[in-house]
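Worksheet: one structure, shown below.
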Amino acid sequence: MKRTFYLYLALVLLLVAPATLVQTSAQLGPGSHPETDQCTTPTTTVVVGTATSGLKFNVSEVKVPKNACVKITFQNVQSVNHDFVVDAVNGLTGFQIPGNNGSKYLGVTNSINIKTPDKDFKTEFYCSIIGHRAGGMYGTFIVGNPSSGSFVPGFEILTTLFAISAIGTLVYFKRK
């Protein structure tokens, strides 16, 4: 009886908890990141937009210099809501650029000035609107000139580790 309970518990955790982790990390939504400028005199400008259709950005990677003030402009060329988000990681302050102006989406352009850290690394940018990141609306955000192995993982690694531990628990109790 006790063994069956633990088997069901592990199965529930295996199925439910990773989805919860992905939902909370990938779908932060508007207002979850600062939308104010982090510096005042940008030396570099980067323009990112949505693709003309589908859940895609118009670029798969955004490269910015390290230790610089960078202006990032996001252009929404679709009639649905999108945003551009990079989470705080490796000394970079996370930010979110909305792709709407109230209830208007099509043709909206917003910008933010960010201060990049003095480190070389890669992380991910994405759209935080529910379902968009899972639908493929993400890319690589590159600071400086990182080596190929310097990707900074987000919650995906935690989800994978959690799944492996849940499977291990299932195997352990199945053998008893």
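How much FRET efficiency would the formula 1/(1 + (r/R0)^6) give for Leu106 and Glu35, where r is the Cβ-Cβ distance and R0 is 30 Å, rounded to 0.05?
0.90
Across every pair of different alpha-carbon atoms, what Kirkwood hydrodynamic radius in Å does segment 30-152 reach?
14.4 Å
Hey, rough spin-label estimate for Arg175 and Ser147, points 7 angstrom out along Cα→Cβ, what's it come to in nanometres?
Going by the 7 Å Cα→Cβ label model, 3.6 nm.
Counting Lys and Arg as +1 and Asp and Glu as -1, what is the net charge of the other residues whose Cβ lies under 15 Å from the Cβ of Lys66?
Net charge in that neighbourhood comes out at +2.
Using a cut-off of 13 Å between beta-carbons, work out the net charge of the residues near Ile97 (Lys and Arg +1, Asp and Glu -1, Ile97 not included).
Charge balance near Ile97 sits at -2.
Mind ranking 79-85, 96-102 by how tightly packed they are, going by the mean number of other C-beta atoms within 10 angstrom, highest first?
Ranked by mean Cβ neighbours within 10 Å, highest first: 79-85, 96-102.
Around Pro146, with a cut-off of 14 angstrom between Cβ atoms, what is the net charge of the other residues, counting Lys and Arg +1 and Asp and Glu -1?
After counting each charged neighbour, the total is 0.
Using the alpha-carbon centroid of each, what span in Å lies between segment 78-115 and segment 33-69?
Going from one Cα centre to the other spans 8 Å.
A short reminder: the numbers here are calculations on the coordinates, not readings from a lab. All values derive from a computational prediction rather than experimental measurement. Virtual Cβ from ideal backbone geometry, glycine too; neighbours counted across all protein chains shown.
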